[in-house]
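Asker: Please see the structure below; I have some questions.
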Amino acid sequence: MSNVFEFDPNYKQEHPIRCPHCATTLISRNGTYPRAHPEQPGQVAVQRYLCKSPYCPWKTFSILPYPFLPIVRHFYQTLLCCHYLHNVRNKSQAVTAGQLGKNRGIIKRLGAFCRRFIPWLNREKVFAGWGPDPVVNDHALWPDFIRDFSQVFYPKRWLTP
């Protein structure tokens, strides 16, 4: 006799998708939009969601997959490489730009942003639920990381409760 409640180790466990603004699971898919990928040619379709909670201040949201960061338009590894080359190794903007394939203006902005981002990242590694590195288990931890990232560096996009 088979057991209905038998544990299947091959069962794919999905993490429930929640609205980052009101934390409800009353959501539905609401189309996609394209984003360029750093390592692949072409575009990646990012899923948009519609929050169905009547009390939610926001109606739509997306959960960006790894390696996409919200609003910055650069990638997690790009920020780390720029910080290492420009702020740690003290390479010039021109050398850093050449190695990363960006122009000097972008490297200047990224270098300044990284001087705020890296201390926050190191501090959050101790306290946040996404642990020492959000990339280690990117499917489970990346949504929490990008939510925390967005709330700290772009607080005007988040309504105060």
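Asker: Sort out which residues of segment 17-34 are under 17 Å from LEU64 (Cβ atoms) and either surrounded by 11 or more Cβ atoms within 10 Å (Cβ to Cβ) or modelled with pLDDT under 80 (or both), and write them in order of number.
Answerer: Hits for segment 17-34 are ILE17, ARG18, CYS19, PRO20, HIS21, ILE27, ASN30, GLY31, THR32, TYR33.
Asker: Do any helices (runs of 4 or more DSSP H) lying entirely in segment 59-133 carry at least 2 residues that are loosely packed, with under 13 Cβ neighbours inside 10 Å and of a type in the set (A, V, I, L, M, F, W, C), and which ones are they?
Answerer: Output list reads 104-127.
Asker: Run PRO54 past the list (1) modelled with pLDDT of 85 or more; (2) closer than 18 Å to SER28 by Cβ; (3) within 23 Å of the chain's Cα centre (by Cα) and report the number of the one that doesn't hold.
Answerer: Only one criterion in (1) modelled with pLDDT of 85 or more; (2) closer than 18 Å to SER28 by Cβ; (3) within 23 Å of the chain's Cα centre (by Cα) is unmet by PRO54, namely (3).
Asker: Looking at segment 134-147 only, could you name the residues that are assigned to a helix (DSSP H, G or I) and either farther than 22 Å from ARG116 by Cα or at pLDDT 85 or above (or both)?
Answerer: Scanning segment 134-147 gives ASP138, HIS139, ALA140.
Asker: Let me ask something additional. Does segment 35-46 contain any residue that is under 15 Å from the mean Cα position of the chain (by Cα) and open to solvent by 80 Å² or more (accessible area, probe 1.4 Å)?
Answerer: no
Asker: So in segment 47-58, with the set limited to residues that are aromatic (Phe, Trp, Tyr) and surrounded by 13 or more Cβ atoms within 10 Å (Cβ to Cβ), which one is nearest to LEU100 (Cα to Cα)?
Answerer: The extreme case among them is TYR49.
The values are calculated or read from the model by the stated rules, or taken from the named source; none is laboratory data. Quick caveat, the model's predicted, so the values are computed rather than measured. Glycine gets a Cβ as well: all are built from the backbone with ideal geometry, and neighbour counts include every protein chain shown. Note: areas computed on protein heavy atoms with side chains; ligands, DNA, RNA excluded. Shrake-Rupley method; radii C 1.70, N 1.55, O 1.52, S 1.80 Å.
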